Amino acid sequence: MFTDKMLRGLKLPKGKVQDVVWDDKVPNFGIKIGTNTKTFFVGVRVKGHYRSIKIGRYPEISLADARSAAWKIKGDAKQGIAPEQKKKAVERGTFKAMADAFND
């Protein structure tokens, strides 16, 4: 299970360009470790297609906020709503209209 102390101590193994560590608390939620970055992501299926959705970089986004975002993304994915669809609809203020049209 991720903790802030554990995340702060994560290092990229020698000889690797990128590594992935998975959380035990939220299914399919992990962090990609790069040379100079640590990025939260969640894996979901939207209408049968696997997607790896970037949540944000640690520590700019907290562990608690990243977990919360992961749960929201997973909930939307169960309803068949991809994150970019939700973002566009929310920006236009028409999420309900988009969701209704999407389900027709």
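The values are calculated or read from the model by the stated rules, or taken from the named source; none is laboratory data. All values derive from a computational prediction rather than experimental measurement. We place every Cβ from the backbone using ideal geometry, glycine too, and count neighbours over all the protein chains shown.
Some points to look at:
Per-residue answers, yes or no, for (1) surrounded by 12 or more Cβ atoms within 10 Å (Cβ to Cβ); (2) touching a residue at least 40 places away in the same chain (Cβ under 8 Å); (3) in contact with a helix residue (DSSP H, G or I) (Cβ under 9 Å, 6 or more places away or on another chain); (4) assigned to a loop (DSSP other than H, G, I, E, B):
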position: LEU7; (1), (2), (3), (4): yes, yes, yes, no
position: LYS11; (1), (2), (3), (4): no, no, no, yes
position: LYS16; (1), (2), (3), (4): no, no, no, yes
position: VAL21; (1), (2), (3), (4): yes, no, yes, no
position: VAL26; (1), (2), (3), (4): yes, yes, yes, yes
position: ILE31; (1), (2), (3), (4): yes, no, yes, no
position: THR35; (1), (2), (3), (4): no, no, no, yes
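- Filter result for ASP100 (charged (D, E, K, R), surrounded by 14 or more Cβ atoms within 10 Å (Cβ to Cβ) and modelled with pLDDT under 95): no
- Residue ID - surrounded by the most Cβ atoms within 10 Å (Cβ to Cβ), chosen from residues in segment 37-78 that are part of a strand (DSSP E or B) and β-branched (Val, Ile, Thr): VAL42
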